[in-house]
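The values are calculated or read from the model by the stated rules, or taken from the named source; none is laboratory data. Bear in mind that the values here come from a model prediction, so they are computed numbers and not experimental data. Note that each Cβ is placed from the backbone with ideal geometry, even for glycine, and that neighbours are counted across all protein chains shown.
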Amino acid sequence: MRISKAPAALGLIPDGNRRWARGHSLSFFNGYRTGVEKFIDFADWCKDYGVGNITVWAFSTENFRRPSPERNALFGIYKKVAADKEILERLHENKTRFNVVGEKAMLPRDLRAALKKVEIETGAYKDRVINMLIAYGGKDDILHAAKMLVRDAVTRGVRNVNETLFRSYMISRSVPDMDLVIRTSGEERLSGFMPWQSGYSELYFSKKLWPDFTRKDLERALSEYERRQRRFGV
């Protein structure tokens, strides 16, 4: 399928992994693992359609409230994927930079180290980027920026606050504004996903649980994006 107007920056909330696992009488571990494998395919599909920047929500600050076995299982999957040589080769082949966004200090040390290694090894690429939101919260992001700005206003005399300056203090300052945000599983809300960058995003909600999401489903989302008129408040 030909897409003539692909979003430059796409946000993804891959929801429904646990429900998918329950529906298939599988453990939540298998649900998450299948979801991560799906995202690897999804990134390749996006490349084929000319999407240069993908931001995927992997783990929110609210997710830390989940039982520790579930958290640890997911962190273990992310660590294993980060150490997978084949996946790293795909990033190099596609000239894709991997960027971690979130309160990294909240993560286990071994996971931080594994993710950091991939960031460093792919850091030279500029045309394609995958932003992984992990230990990220939208309100936390804005609150962090406000606190840092107030600190510098007091200690360094920072004045003349504008959008550009405020954004420079955000944890997610490297992430561009989203053209399109896709959420799966039938839930129709953003749940704190990038409130600054998604203010004028087009939203697409799929009823599919994330592991069931297909290339055809992405095509439907991109086709819907093509049909929409973006006004940006005008």
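What to note about this one:
- Residue count, the range 1-44 (criterion: farther than 21 Å from Y78 by Cβ and modelled with pLDDT of 95 or more): 7
- When A221 is tested against the conditions (1) surrounded by 14 or more Cβ atoms within 10 Å (Cβ to Cβ); (2) among the small types (G, A, S); (3) under 14 Å from the mean Cα position of the chain (by Cα), the lone failure is (3).
- Residues of the range 195-212 that turn out to be touching a Phe, Trp or Tyr at 6+ places or on another chain (Cβ under 8 Å), buried (at least 16 other Cβ atoms within 10 Å of the Cβ), closer than 25 Å to S174 by Cα and hydroxyl-bearing (S, T, Y), as a count: 1
- Of all residues in the range 40-72, those being crowded, with 19+ Cβ neighbours inside 10 Å, farther than 17 Å from E93 by Cα and not β-branched (V, I, T) number 4.
One line per residue, one yes/no per condition, for (1) touching a residue at least 60 places away in the same chain (Cβ under 8 Å); (2) closer than 30 Å to L111 by Cα; (3) of a type in the set (D, E):
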{"position": "R128", "(1), (2), (3)": "yes, yes, no"}
{"position": "L143", "(1), (2), (3)": "no, yes, no"}
{"position": "L149", "(1), (2), (3)": "no, yes, no"}
{"position": "V161", "(1), (2), (3)": "no, no, no"}
{"position": "T164", "(1), (2), (3)": "no, no, no"}
{"position": "M170", "(1), (2), (3)": "no, yes, no"}
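- Selection from the range 181-220 of residues that are under 24 Å from A145 (Cβ atoms), touching a Leu at 6+ places or on another chain (Cβ under 7 Å) and either part of a helix (DSSP H, G or I) or not hydroxyl-bearing (S, T, Y) (or both): V181
- S206 polar (S, T, N, Q) and within 22 Å of E103 (Cα to Cα): no
- The sole residue among F193, F98, F205 that is among the aromatic types (F, W, Y), in contact with a Lys or Arg (Cβ under 6 Å, 6 or more places away or on another chain) and under 20 Å from S60 (Cα atoms) is F205.
- Taking the range 2-60 as the range and being among the aliphatic types (A, V, I, L, M), closer than 29 Å to E70 by Cα and out of contact with any strand residue (DSSP E or B) (no Cβ under 8 Å at 6 or more places or on another chain) as the test, the residues that pass are A21, L26, V36, I40.
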